[in-house]
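Novice: Right, I'll just put the structure down here and ask away after.
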Ligand code: HAX
């Protein structure tokens, strides 16, 4: 049974879904596993750290726990144990659509259980009850100069909402640690329900002459997002696919890690997600989808709108590398094969826009870039990541303002990282505080052949 405080929150939020009760069951079943690992098996060694990992961005060090998703270098992402095709196949579909309810995916990420259609619809109803965005959020966004990057507007909009935090309210009133997950869940769900409207508002404000479109309460999250963006079908399916594909990539990537890190200080979901979104805005992370489109446009521009020959394309790729830039959309910190999120989007393109010149160019790049990156000899992974394909689909459906693409990524990424920080609170994960060392220390340990571990 949910505690009385939870019931009050449910009434306030109009929570009509069984998701929260299911989540509580899952949390209660999971807690003894974490407690046993820490109390009885905590000193068992699972990894060691080298100097290049210490200087090189902690790459590969096993020091984070999440059950929401796992990234295998050769296989790619699994959400709650399912590959991307398995996830799409298992979840209940929106009627008349090829893709599932994003709300059902949220249920799946939170609980690990595939929802029934009724359960997905109940989450959709719950989201609708929480979706209204306070006017002051739009006022904050509107107060920014119009040429502000949309990611800055998005992050500011999320941060402005922080005054709504139920976690802060309950924390200040005093609550037990075992209850922390409850207002965290409420904040995360409230935030997730509001993000699509905030994102679409920024789009219409910045690029469509300040003509926001009011939400349609009859539509699911993906359908409503397409409606508020003002883009016709099948963009609703693009939105569903895009949000699900971008949701989570285990916990070590910059946006997920930044969200988790900030939340580990018991900062609420608004502070935490805003931090994660700021990390996503970097060109080596989420902004790469914008960079891909800008690079592709340059190729077309220099050739007067024509597709390049293979030789011309090779030259463009080498020119990019020789000018000290990275090939955007290629390489990955963990993956060592073509990103299955790339493949999934490629399949969408093959079905819906097979003859689109930009899709043809992306396929040409896929044919030649891995060899060039191998010859270049630096990137450990010469294969494309999620960002190499995603902008093309957006462009095809009329979303040509490519500096907005990372905001779309951000709405999707919120699904995974908000589910993660809800579980962080449920399992009482600690304040994150790795140890740093000095260069002198590293040099001394290097000379001694390694740090002496007593
Ligand atoms: N083009 C050129 N050089 C590349 C490269 C690429 N696509 N990918 C990696 N390299 C270079 C690195 O810059 C690095 O060079 P230095 O030794 O001079 O520093 C070297 O190869 C080794 O890097 P790595 O170990 O293979 O890759 P990292 O784990 O350090 O970085 C990145 C992973 C994704 C940041 C990297 O591959 C990259 O910069 N790719 C292009 C940008 C991009 O597509 N980012 C999106 C990634 C997916 C994502 O997070 N989306 O949000």
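Novice: Tell me whether segment 187-239 comes out rounded, prolate or oblate; compute the Cα gyration tensor, take square roots of the eigenvalues as a ≥ b ≥ c, and use a/c under 1.5 as the rounded threshold.
Specialist: Numbers: a/c = 1.93, a/b = 1.16, b/c = 1.66.
Note, shape of segment 187-239 comes out oblate.
Novice: Classify segment 141-232 as rounded, prolate or oblate, taking a ≥ b ≥ c as the square roots of the eigenvalues of its Cα gyration tensor: rounded when a/c is under 1.5, otherwise prolate if a/b is larger than b/c and oblate if not. Don't jump to the answer; show the numbers that get you there.
Specialist: Numbers: a/c = 3.70, a/b = 1.75, b/c = 2.12.
Note, shape of segment 141-232 comes out oblate.
Novice: Sort 264, 165, 323 by Cβ crowding within 10 Å, fewest neighbours at the top. If you can, show how the numbers build up before the last one.
Specialist: On the way: 264 17, 165 22, 323 7.
Fewest to most other Cβ atoms nearby, the residues stand as 323, 264, 165.
Novice: Quick one: if you stick a label point 7 Å off each Cα along the C-beta vector at residue 376 and residue 169, how many nm between them?
Specialist: With each label placed 7 Å out from Cα toward Cβ, I get 5.1 nm.
Novice: What order do you get for 49, 168, 123 when you list them from fewest to most C-beta neighbours inside 10 Å? All intermediate terms of the calculation are to be shown ahead of the outcome.
Specialist: On the way: 49 14, 168 18, 123 29.
Final ranking by Cβ density, sparse to dense: 49, 168, 123.
Novice: Oh, and also: Just to be sure I understand the model, the point goes 7 Å from the Cα along the line to the Cβ. What's the resulting residue 445 to residue 211 distance in nm?
Specialist: Output for this residue pair reads 6.0 nm.
Novice: Please work out the Cα center distance from segment 327-362 to segment 171-196, rounded to the nearest Å.
Specialist: 37 Å
Novice: Please say if segment 91-190 is rounded, prolate or oblate, where rounded means a/c under 1.5 for a ≥ b ≥ c the square roots of the C-alpha gyration tensor eigenvalues, and otherwise the choice is prolate for a/b larger than b/c and oblate otherwise? Each step should come with its number before you reach the end.
Specialist: Details: a/c = 2.59, a/b = 1.21, b/c = 2.14.
Note, shape of segment 91-190 comes out oblate.
Novice: Run the numbers for residue 36 and residue 298: contour at 0.36 nm per residue of separation, minus the present Cα-Cα distance, in nm. Kindly include the intermediate steps, with their values, before the conclusion.
Specialist: On the way: separation 262, 0.36 × 262 = 94.32 nm, distance 5.58 nm.
So the chain would gain 88.7 nm between residue 36 and residue 298.
Novice: A follow-up question, please. What relative contact order, as a whole-number percentage, does segment 219-315 give when Cα pairs under 8 Å and 6 or more residues apart are counted? Walk me through the intermediate numbers first.
Specialist: Numbers: 62 pairs, mean separation 13.5, N = 97.
Normalised by residue count, the contact order of segment 219-315 is 14 percent.
Novice: Sequence gap at least 6, Cα distance under 8 Å: using those rules, report the relative contact order of the chain to the nearest whole percent.
Specialist: On the way: 617 pairs, mean separation 91.5, N = 454.
It comes to 20 percent, rounded to a whole number.
Novice: Right, something else. Where does segment 388-454 land on Rg(C-alpha)/(2.2 N^0.38 Å)? Kindly include the intermediate steps, with their values, before the conclusion.
Specialist: Values: Rg = 22.1 Å, N = 67, 2.2 N^0.38 = 10.9 Å.
Output field value: 2.03.
Novice: Let me ask something additional. Apply 1/(1 + (r/R0)^6) to the Cβ-Cβ distance of residue 125 and residue 177, taking R0 = 41 Å, and write down the FRET efficiency to the nearest 0.05. Don't skip to the end; give the middle numbers.
Specialist: Values: r = 31 Å, r/R0 = 0.76.
According to the calculation, E is roughly 0.85.
Novice: Taking other Cβ within 10 Å of each residue's Cβ, how do 176, 435, 93, 194 sort, fewest first? Working shown, then result.
Specialist: Working: 176 7, 435 4, 93 17, 194 21.
Neighbour counts put them in this order, fewest first: 435, 176, 93, 194.
Novice: Moving on. Measuring from a point 7 Å past the Cα of residue 59 along Cα-to-C-beta, which residues in segment 335-370 have an amide N at less than 14 Å?
Specialist: The answer is 335-337, whose backbone nitrogens lie closer than 14 Å to the label point.
Novice: Give the residues of segment 339-372 whose amide nitrogen is closer than 20 Å to a point set 7 Å from the Cα of residue 319 in the direction of its Cβ.
Specialist: 358-372, by backbone N distance to the label point.
Novice: Follow-up question, since we're still on this one. Relative contact order for segment 141-203: what is it in percent, counting Cα pairs under 8 Å that are at least 6 residues apart? Walk me through the intermediate numbers first.
Specialist: On the way: 25 pairs, mean separation 28.2, N = 63.
Once divided by the residue count of segment 141-203, the mean separation gives 45 percent.
Novice: If you build the Cα gyration tensor of the chain and take the root of 5 times each eigenvalue, what three semi-axes come out, in whole angstrom, biggest first?
Specialist: Values: eigenvalues 233, 191, 81 Å².
Equivalent ellipsoid semi-axes, largest first: 34, 31, 20 Å.
Novice: Between residue 51 and residue 306, 0.36 nm times their residue separation minus their Cα-Cα distance comes to what?
Specialist: Details: separation 255, 0.36 × 255 = 91.80 nm, distance 4.78 nm.
Length gained between residue 51 and residue 306: 87.0 nm.
Novice: Suppose each label sits 7 Å from its Cα in the direction of the beta carbon; what would the residue 438-residue 152 distance come out to in nanometres?
Specialist: With each label placed 7 Å out from Cα toward Cβ, I get 3.8 nm.
Novice: Compute the Rg/Rh shape ratio of segment 255-357: radius of gyration over Kirkwood radius, all on alpha-carbon atoms. Each step should come with its number before you reach the end.
Specialist: On the way: Rg = 17.7 Å, Rh = 16.4 Å.
Rounded to two decimals, Rg over Rh is 1.08.
Novice: May I pose another question? Could you give the length gained on full extension between residue 431 and residue 16, defined as 0.36 nm per residue of separation minus the Cα-Cα distance, in nm? Please list the in-between numbers first.
Specialist: Details: separation 415, 0.36 × 415 = 149.40 nm, distance 3.30 nm.
Gain in length upon complete extension: 146.1 nm.
Readers should treat all values here as calculations from the given coordinates under stated rules, not as data from a laboratory. Everything numeric in this text was worked out from a predicted model, so none of it was measured. Methodologically, a virtual Cβ is constructed for each residue, glycine included, from the backbone with ideal geometry; neighbour enumeration extends over all protein chains shown.
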